[in-house]
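Dumping the structure here so I can ask a few things about it.
The values are calculated or read from the model by the stated rules, or taken from the named source; none is laboratory data. Small disclaimer: the values here were computed from a predicted structure and weren't measured. These accessible areas exclude ligands, DNA and RNA; they are computed on the full protein's heavy atoms, side chains included. Shrake-Rupley method; radii C 1.70, N 1.55, O 1.52, S 1.80 Å.
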Amino acid sequence: WDLTGGWNNGDSKVNTSQVTALTSDSTSGIYDGPAFDSPHYASDIKMSPDGRLAYVLDPTLGVHIFDVSTPNEIIRLTDYLAPGDINDITFSSDSNYAFIAMGDGGIQIVDISTPTSPVLETTIVTDGEALAVELDPDDKKLFVAMGESGVAAYDISSVESPSIIHSFSTGGNAVNLL
């Protein structure tokens with residue numbers, strides 16, 4: 001199950017209480033406010049490191065960006081159109097970059113320093129289908145789960161020109177990173 005009400009159930013209604021529970025400082029994390037609609041299909045929600053923005057993944061259209069800093073006044077800021085197979089997203093600790101796992105489309109590195117105007121910085125071509133992404137705590141290495149192709153590590157100290165460090169087989173199907 002994910003935050004949209006079920007694993008890829010196609011229900012585009014996103015319950016704000018679930019977003020608030022992720023960002024709330026209260027012990028209950030309960031918000032009795034309205035839901036908001038994602039424009040098409042919501043498969044997952046990822047919060048920005050500061051908890052002010054919700055990135056709603058829409059595998060068919062892209063990423064819908066919402067300002068959730070005031071739960072009673074959730075605002076849809078923009079959409080980052082990236083048609084394809086969006087599987088996962090992670091963020092640099094300063095919230096300046098998003099790293100989007102695009103399935104057979106590799107990894108898109110997107111400048112999100114201005115959340116209302118995301119800009120594609122570069123694309124990493126991966127050896128397999130990009131299913132999940134994670135950054136190291138220093139934002140210098142990006143790890144990518146690539147299904148039957150294993151896991152790859154990339155040097156992203158320069159996001160304009162990332163380079164592969166190493167890739168390896170997991171002996172199975174790498175679908176997630178923790």
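Just how much of GLU160 is accessible, in Å², when a 1.4 Å probe is used and the result is rounded to the nearest 10?
GLU160 has an accessible surface of roughly 110 Å² with all protein chains in place.
May I pose another question? For HIS64, HIS166, give the ranking by accessible area with the largest first, probe 1.4 Å.
Values: HIS64 5, HIS166 110 Å².
Highest to lowest solvent-accessible surface, that is HIS166, HIS64.
Could you put PHE91, PHE99 in order of accessible surface area, largest first, with the 1.4 Å probe and the full protein assembly present?
On the way: PHE91 25, PHE99 5 Å².
Largest accessible area first, the residues go PHE91, PHE99.
Leaving out ligands, DNA and RNA but keeping every protein chain, what accessible area does ASP104 have, in Å² rounded to the nearest 10, with a 1.4 Å probe?
The value for ASP104 is about 140 Å².
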